[in-house]
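The values are calculated or read from the model by the stated rules, or taken from the named source; none is laboratory data. No experiment lies behind these values; they were computed from the predicted model shown. For neighbour counting, all protein chains shown are included, and Cβ atoms are generated from backbone atoms with ideal geometry for every residue, glycine included. Accessible surface areas use protein heavy atoms only, side chains included; no ligands, DNA or RNA. Shrake-Rupley method; radii C 1.70, N 1.55, O 1.52, S 1.80 Å.
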Amino acid sequence: MARDTDYILSLLLENGLVTQMQADQAADQAMLSDGLYDTIDILINSGVLNEAEMTALLAQQYGMEVIDLAGYDIPEEVLEQIPREIVEHYRVIPVMMHDGILTIAMSDPSDMETIDTLRYLLKGDIDAVIAPQNQIDDAISKNYANDMEKLNSMVKKEEDLDEVVANSSTIGAAEEIADDDAPIIRLVTSLLIDAYKLKASDIHFEPMEKRYRVRYRIDGALREVSGPPKYLQANFTSRVKIMARLDITEKRIPQDGRIQVKVGEKDIDLRVSSIPTTHGESIVMRILDKASIQLDIPKLGFYADDLEVVTRVINLPDGIFLVTGPTGSGKTTSLYAFINTINTPTRKIITVEDPVEYQLAGINQVQVDKAVGMTFAAALRAMLRQAPNIVMVGEIRDVETAEVAINAALTGHLVFSTLHTNDAPGAISRLVDMGVKPFLVATALRAVMAQRLLRRICPNCKVPYTPTPTEARLLGLTPEYLENHQFYKGKGCSKCGQTGYKGRIGIYEIFEISDEIARLIFANEPSTVIREAARRAGMRSLRDDAMRKAEAGISTLEEVLFVTLKDE
């Protein structure tokens, strides 16, 4: 690169970034290097000149934009515009492509010769931005590495990878993961370790048209992380499918599998789902950490009044207790906590689940297997012949399962189950719509609880804030109310990934079946009427419970609106 050293040096002297003595000493050293370094190189390498300050000065002088390449992701299609040997020779790097114009980053805007040469070589128009040379060199090393170098740069330290031991029944050999000749295996393992340490619930491997996207779901929100290059998509997909014991030759139909690994002393289950998409197979791995399951009811987020209702219902001798909410709202965790609390040597407890997510000590757990006819209803019928005291049905999906569960409740069993409805009163309408007789619902049902998960404010960056006018309007907050309540939010820090949130807590609406509500169910009244009766009996809505947690500084009003807006 032909740098106009004399002109740049004059600018540096004029703006006081270097002294004449420093410039002269650097010039003498440059002469001794036989052309290997010029005066500017010597000033930068010796620490006399701050390269970032010089870059800002040159950008101002030439009217160019400065780009910070640290952490900047350059798309593969942009990198393909200039071969590696050219970027290394001219020490520039392409950063973006827009309307047929390629933008390159260079450190010396006075070097018009390089720009003209690149225009000739690439037979296209070129625009230039300025960046420190050390950032350009780092970006070249990172983005133009060969396949092995790229993969190894993405993999964590070897001692971290050694923390993971694969179950030989699922992967084949534990030592396979630590094989230095298998960078794909090491990268998959590295991503698993990262996701686990960040407390992610899912890992998403998603093939896009021109890239292969990797995202973690942390506290219910997806966060994109660095993934393998697009051309390694097939290798990466095959490795994950082999680990999950899926058919790598079958790419046309969805598949489900399982991986078991040990991170340190902890056993981790990974539920793997693969589905064909337009640009390849999309894979989702759900992380089930047996040690992270919360089995202590008070820690789920119940206030004293709701906890009193829950405690009373789970200690009843019979009846049905339903938990409702969308997928990922924590229903299974709640049921496990309820069952674990009442699990004593004097009670026999059986569950039927699809799948069995966590194994609980002292409880008989049955896995649904439709291929052999082991449906929820069939398993439940068989379980009742085992003379249990308490039964948990993972989900009521059809009238057959619902009727068997209700008959179990009417014959002296305490039954726990889940339904997919938006609110607690809606569960009653859902059962009736399935085909269950209203009088059976009124007789067997004891209580219904709806729940969601609210993100907690990060305690490390928690600060007070004033709600926006939009938040106040949507939540119906009066000026008098705002004067008497202080709200908080997280401003974002390294411990929460700059999100302002860390961890989640449950919000609940729960009601027992009173005589009035039983009469309304028997009369087949709509869920709106039942909801009004439940509210009169003291039921708090999801919004009410969420507001209590926002007022206590546990979560934000923004999160309250996001989670509960459609429920109000």
* Asked: How about the range 234-307: which GluC sites (Glu not before Pro) there are in a DSSP loop, with at most 14 other Cβ atoms within 10 Å of their Cβ?
  -> 250, 265
* To do: Of the listed values [x] -0.50, -1.21; [y] -0.60, -1.22; [z] -0.44, -1.31, grab the one calculated as log10 I(q)/I(0) by the Debye sum over Cα atoms at q = 0.07, 0.12 Å⁻¹ from the structure here.
  => [y]
* Which Cα, out of 342, 261, 273, lies furthest along the positive dipole direction of the chain (beta carbon charges, K/R +1, D/E -1)? -> 342
* Asked: Quick one: length gained pulling residue 238 to residue 252 fully straight, 0.36 nm per residue minus the C-alpha distance?
  -> 3.6 nm
* Asked: Rounded to the nearest 0.05, what FRET efficiency do residue 279 and residue 305 have when you use their Cβ-Cβ distance and R0 = 45 Å?
  -> 0.35
* Each residue of the range 521-527 in turn: what ³J(HN,Hα) in whole Hz from Karplus with 6.51, -1.76, 1.60 and θ = phi - 60°, glycine and Pro shown as x? -> 5, 4, 7, 6, 6, x, 5
* **Under Karplus coefficients 6.51, -1.76 and 1.60, residue-wise ³J(HN,Hα) of the range 14-25 in Hz, glycine/proline x** => 4, 9, x, 7, 9, 9, 4, 5, 4, 5, 5, 4
* Asked: Using the beta-carbon distance between residue 64 and residue 295 and R0 = 60 Å, what value does 1/(1 + (r/R0)^6) give for FRET efficiency, to the nearest 0.05?
  -> 0.50
* Asked: Could you give the distance between the Cα centres of the range 114-146 and the range 521-568, to the whole Å?
  -> 57 Å
* R0 = 41 Å: FRET efficiency of residue 57 with residue 480, Cβ-based, nearest 0.05? -> 0.15
* **Electrostatic dipole magnitude of the range 199-287 [Cβ: Lys, Arg +1; Asp, Glu -1; Cα centre; debye, to 20]** => 160 debye
* Asked: Of all the accessible heavy-atom surface of the chain, with the other protein chains kept in place and a 1.4 Å probe, what percent is carbon and sulfur?
  -> 50 percent
* To do: Determine the alpha carbon to alpha carbon distance for each of 210/502; 266/370; 210/251; 262/495 and list only those over 29 Å.
  => 210/502; 266/370
* Asked: Averaged per residue, what accessible surface does the chain expose to a 1.4 Å probe, in Å²?
  -> 48 Å²
* Asked: Dipole of the chain (Lys/Arg Cβ +1, Asp/Glu Cβ -1, origin at the Cα centre): which of 382, 87, 40 lies farthest to the positive side?
  -> 382
* Asked: Which value, in debye to the nearest 20, gives the size of the charge dipole of the chain about its Cα centre, when Lys and Arg are +1 and Asp and Glu are -1 at the Cβ?
  -> 3580 debye
* To do: Using the Karplus curve 6.51 cos²θ - 1.76 cosθ + 1.60 with θ = phi - 60°, work out ³J(HN,Hα) for each residue of the range 267-283 in order, rounded to whole Hz, and write x for Gly and Pro.
  => 8, 10, 9, 10, 8, 10, 10, 10, 9, x, 10, 4, 10, x, 8, 8, 10
